[in-house]
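Inspection log for the structure reproduced underneath, given as structure tokens.
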Amino acid sequence: MANLLIVETSPRGTQSVSNNMATQFAADWNEACPSGSVVRRDLNHTALRFTDGPWLAAYFTPPPAQTDAMQAALALSNELVAEVIAADVIVIATPVYNYNVPAALKSWFDHIVRKGRTLGFDGVGLLGGKRCIVLVASGGVYTAGSAIADRDLATQWLRLILQVLGIDDVTFVAAGGTKVVDLGQETRADYMAPITPLVRSAALASARESGAT
């Protein structure tokens, strides 16, 4: 049985293009793999804390020497790491804010990049063999050929941090120019019409390649 983890980042709920892409992906995945397991992690409903002194002290203390307070500081991080390790396929659905990912997604990565769990003590990522699909929604268009393609920091950073974790099998599905929906120049349904087949294709391919079908 294949395990799918979907990480949602946008705070806009059903008004979010990236959340709609994630919902579409989950539906197509369930269709291709009805016996598969799906975990949806909404970072806007997760009590993420930014890395601070107590968290870092716990991080650098070997588990046998951790105090109760240190274990409590790492409890959520341990939960998030367990979700990632259990997943065969990871979907990250995110908007782009000011050319990069939202703070919540950066914080999520800070919690899951853990020495001895997802990252070896030699700096080699331990999550090799997993597949990741990144669903990116942005007001601007940053794909190849665009006049502002050099500003595509979000995609570059996500690819880098995933590679650090050992995940090289990464597919990006970009939904650029979403501002036409916010400005009322196009309905959400019309905007999503050409995006939905791309999401469906990625979902079916990931299900097939993970042995889910």
In the range 33-51, residue surrounded by the most Cβ atoms within 10 Å (Cβ to Cβ) [restricted to those that are hydroxyl-bearing (Ser, Thr, Tyr) and either under 22 Å from residue 207 (Cβ atoms) or at pLDDT 95 or above (or both)]: 46
The range 101-123 residues that are outside any helix (DSSP H, G or I), paired with ones that are of a type in the set (D, E, K, R) (beta carbon under 6 Å, 6 or more apart): 121/115
Criterion violated by residue 26 - all others in (1) within 17 Å of the chain's Cα centre (by Cα); (2) part of a helix (DSSP H, G or I); (3) surrounded by fewer than 17 Cβ atoms within 10 Å (Cβ to Cβ) satisfied: (3)
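Matching residues to (1) assigned to a strand (DSSP E or B); (2) free of Cβ contacts under 8 Å to residues at least 40 places away in the same chain; (3) in contact with a Gly (Cβ under 7 Å, 6 or more places away or on another chain):
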| site | (1), (2), (3) |
| --- | --- |
| 44 | no, no, no |
| 47 | no, yes, no |
| 51 | no, no, no |
| 58 | no, yes, no |
| 76 | no, yes, no |
| 81 | no, yes, no |
| 84 | no, no, no |
| 91 | yes, no, no |
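Which one is farthest from residue 122 (Cα to Cα) among residues in the range 176-206 that are touching an Asp or Glu at 6+ places or on another chain (Cβ under 8 Å) and in contact (Cβ under 8 Å) with a residue 40 or more places away in the chain? Can you show your working first?
As a first pass, look at the range 176-206 and keep what is touching an Asp or Glu at 6+ places or on another chain (Cβ under 8 Å): 180, 199-200, 203-204.
When the remaining residues are screened for being in contact (Cβ under 8 Å) with a residue 40 or more places away in the chain, the result is 199-200, 203-204.
Details: 199: 36, 200: 38, 203: 33, 204: 35 Å.
The extreme case among them is 200.
Condition check ((1) surrounded by 14 or more Cβ atoms within 10 Å (Cβ to Cβ); (2) within 20 Å of residue 45 (Cα to Cα); (3) not aromatic (Phe, Trp, Tyr)) across all residues:
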| residue | (1), (2), (3) |
| --- | --- |
| 74 | yes, yes, yes |
| 86 | no, no, yes |
| 98 | no, no, yes |
| 106 | yes, yes, yes |
| 123 | no, no, yes |
| 130 | yes, no, yes |
| 141 | yes, no, yes |
Condition broken by residue 199, with the remaining ones in (1) touching a helix residue (DSSP H, G or I) at 6+ places or on another chain (Cβ under 8 Å); (2) more than 23 Å from residue 118 (Cβ to Cβ); (3) surrounded by fewer than 20 Cβ atoms within 10 Å (Cβ to Cβ) satisfied: (3)
Qualifying positions in the range 143-174 - among the hydrophobic types (A, V, I, L, M, F, W, C), surrounded by 16 or more Cβ atoms within 10 Å (Cβ to Cβ) and over 20 Å from residue 119 (Cβ atoms): 154, 172, 173, 174
Complete set of residues in the range 1-24 that are within 13 Å of residue 39 (Cα to Cα), out of contact with any Leu (no Cβ under 9 Å at 6 or more places or on another chain) and not hydrophobic (A, V, I, L, M, F, W, C): 3, 23
Tabulated pairs, the range 154-175, first touching a residue at least 60 places away in the same chain (Cβ under 8 Å) and in a strand (DSSP E or B), second surrounded by 20 or more Cβ atoms within 10 Å (Cβ to Cβ) and among the small types (Gly, Ala, Ser), C-beta under 6 angstrom, 6+ apart or interchain: 173/202; 175/137
Test result for residue 10, buried (at least 21 other Cβ atoms within 10 Å of the Cβ) and either under 22 Å from the mean Cα position of the chain (by Cα) or in contact (Cβ under 8 Å) with a residue 60 or more places away in the chain (or both): yes
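The values are calculated or read from the model by the stated rules, or taken from the named source; none is laboratory data. This structure is a prediction, so every number in the text was calculated from the model and none was measured. Using ideal geometry, Cβ is built from the backbone for each residue, glycine included, and neighbour counts are taken over all protein chains shown.
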